[in-house]
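Here the structure is laid out as structure tokens; the discussion comes afterwards.
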Amino acid sequence: MFSYRKWFGLFFVITLGCQAEKPTSPATTSSDAAASTPARPIDVTLALNWYAEAEHGGFYAALVHGYYSEEGLNVTIRPGGPGVPVIQDVATGKIEFGIDNADKLILLRAQQADAVAVMSPMQNSPRCIMVHKKSGLTSLEDLAKMKEFTLAINPGQPFAQFLKKKVNLDEVRVVPYQPDVAKFMEEPNFGQQAYRFSEPFVAEKQGGDPLCLMLSDLGFNAYTSVLLARREMIEQQPDIVARMTRASIRGWKKYLAEPDETNKHIHEQNPGMGMDILAFGAKALRPVCIPEGFDESRLGEMSADRWQTLVAQMIEIGSIKPDTVKAEDAYSLKFLEQK
């Protein structure tokens with residue numbers, strides 16, 4: 001007598017056995033399933049040393065144009081301001097990355113802040129002394145000849161100490177720097193510290209005749225707006241540092257070539273930076289980042305000699321004591337070699 005229950009049981013066993021012998025489709029393996037799931041972006045913070053401006057354009061360009069995202073990084077850019085402890089925050093691990101200047105890094109490394117420079121977008125320092133063209137000054141050395149001349153600088157900064165060491169300023173009245181151009185516009189025999197992509201534009205717009213006398217021409221050429229990471233991160237998470245460096249360099253190339261979209265974003269972050277001064281800044285930055293004879297493919301590079309020179313100069317002017325900073329500990333070239 002035919003038993004439906006027995007026939008169904010036999011069919012179930014045979015069917016199950018056939019399925020068990022089938023090879024698993026590669027599309028359903030657990031490893032491939034994991035590979036098909038996009039990796040979650042890594043959250044990192046990049047702290048600026050000042051409010052958003054053209055000086056930070058390449059880093060903002062990497063954000064605006066998605067270069068950080070393409071590297072699997074979810075980057076938050078934290079604006080800075082007076083007294084913001086960028087280097088200290090990087091060294092203590094409060095943030096992953098920061099932007100600051102090489103001479104300030106050396107000062108704080110002398111105080112045991114173990115932050116390290118991994119990339120510099122600017123080959124020449126934009127730091128200058130802004131004077132009037134009609135003053136007759138053509139070099140910083142000419143300041144030694146000036147009578148009844150006022151110079152506004154922050155005397156404690158290394159560039160100012162270097163200037164006073166190399167140029168006789170005995171006849172110059174040195175006063176504290178104020179972050180505006182009001183006095184410059186009022187007094188013809190007046191000079192002040194400046195960045196070539198910022199204060200000169202403001203002075204020109206107000207009808208002034210600014211001339212930039214570059215500190216780099218005097219020999220003080222500290223890397224500016226360098227990308228910083230803490231040593232522990234460089235050693236334990238080099239892939240993240242490499243990705244951040246690559247994307248930042250791409251961002252700087254983009255910004256120097258096509259700054260408009262990024263400038264709109266910077267203006268939104270800092271309405272005090274008008275589109276006109278940002279456009280001026282981007283144009284003024286190009287020869288600073290890519291000097292004559294320097295190929296664009298090398299953008300971001302640093303050299304051991306430049307760091308050694310900076311440390312030696314800061315010892316000479318008394319900014320740091322001998323043997324407190326080893327130049328080779330202040331920077332890493334490994335991520336530039338991988339770019």
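Where residues in the stretch 164-196 are open to solvent by 90 Å² or more (accessible area, probe 1.4 Å) and within 19 Å of Gly272 (Cβ to Cβ), which of them is nearest to the chain's Cα centre (by Cα)?
Restricting to residues being open to solvent by 90 Å² or more (accessible area, probe 1.4 Å) and within 19 Å of Gly272 (Cβ to Cβ), the top hit is Pro179.
Does the stretch 140-155 contain at least one residue that is among the polar types (S, T, N, Q), touching a strand residue (DSSP E or B) at 6+ places or on another chain (Cβ under 7 Å), buried (at least 20 other Cβ atoms within 10 Å of the Cβ) and modelled with pLDDT of 95 or more?
Checking the stretch 140-155: not a single residue is among the polar types (S, T, N, Q), touching a strand residue (DSSP E or B) at 6+ places or on another chain (Cβ under 7 Å), buried (at least 20 other Cβ atoms within 10 Å of the Cβ) and modelled with pLDDT of 95 or more.
Which condition does Val288 not pass, out of (1) within 28 Å of Lys334 (Cβ to Cβ); (2) open to solvent by 70 Å² or more (accessible area, probe 1.4 Å), if it passes all the others?
If we test Val288 against (1) within 28 Å of Lys334 (Cβ to Cβ); (2) open to solvent by 70 Å² or more (accessible area, probe 1.4 Å), just (2) comes out false.
For the stretch 258-294, enumerate the residues that are farther than 22 Å from Met214 by Cβ and out of contact with any helix residue (DSSP H, G or I) (no Cβ under 9 Å at 6 or more places or on another chain).
Matches in the stretch 258-294: Glu268, Asn270, Pro271, Gly272.
Report every pair of residues separated by at least 6 positions or lying on different chains whose Cβ atoms are under 8 Å apart, first residue within the stretch 166-189 and more than 27 Å from Lys205 (Cα to Cα), second modelled with pLDDT under 95 and surrounded by fewer than 16 Cβ atoms within 10 Å (Cβ to Cβ).
Glu171/Lys147
With the requirement that a residue be closer than 22 Å to Gln236 by Cβ, buried (at least 16 other Cβ atoms within 10 Å of the Cβ) and charged (D, E, K, R), what does the stretch 301-339 give you?
Lys339
Collect the residues in the stretch 87-132 that are surrounded by fewer than 18 Cβ atoms within 10 Å (Cβ to Cβ) and farther than 19 Å from Ser319 by Cα, keeping them in residue-number order.
Correct list: Thr92, Gly93, Lys94.
Could you please find all residues in the stretch 312-323 being in contact (Cβ under 8 Å) with a residue 24 or more places away in the chain and either part of a helix (DSSP H, G or I) or within 22 Å of the chain's Cα centre (by Cα) (or both)?
Selection gives Gln313, Met314, Glu316.
Could you go through the stretch 302-311 and let me know if any residue there is touching a residue at least 60 places away in the same chain (Cβ under 8 Å), within 28 Å of Phe159 (Cα to Cα), part of a loop (DSSP other than H, G, I, E, B) and touching a Ser or Thr at 6+ places or on another chain (Cβ under 9 Å).
Yes; the residues of the stretch 302-311 include at least one that is touching a residue at least 60 places away in the same chain (Cβ under 8 Å), within 28 Å of Phe159 (Cα to Cα), part of a loop (DSSP other than H, G, I, E, B) and touching a Ser or Thr at 6+ places or on another chain (Cβ under 9 Å).
Can you pull out every residue in the stretch 48-86 that is among the acidic types (Asp, Glu) and open to solvent by 60 Å² or more (accessible area, probe 1.4 Å)?
Within the stretch 48-86, just Glu70 meets the criteria.
Taking interchain pairs and intrachain pairs at least six residues apart, which have beta carbon atoms under 6 angstrom, with the first residue in the stretch 266-287 and farther than 17 Å from Gly81 by Cα and touching a residue at least 40 places away in the same chain (Cβ under 8 Å) and the second open to solvent by 20 Å² or more (accessible area, probe 1.4 Å) and not aliphatic (A, V, I, L, M)?
Ile277/Phe201; Phe280/Phe201; Ala282/Pro259; Ala284/Arg196
Residue check: is Ala113 assigned to a loop (DSSP other than H, G, I, E, B), touching a helix residue (DSSP H, G or I) at 6+ places or on another chain (Cβ under 7 Å) and of a type outside the set (D, E, K, R)?
Judged against the criteria, Ala113 is a match.
The values are calculated or read from the model by the stated rules, or taken from the named source; none is laboratory data. Predicted, not measured: the structure shown is a model, and the values here were computed from it. Positions of Cβ are backbone-derived with ideal geometry, glycine not excepted, and every protein chain shown enters the neighbour counts. We work out accessible area using only protein heavy atoms, side chains counted, and drop any ligands, DNA or RNA first. Shrake-Rupley method; radii C 1.70, N 1.55, O 1.52, S 1.80 Å.
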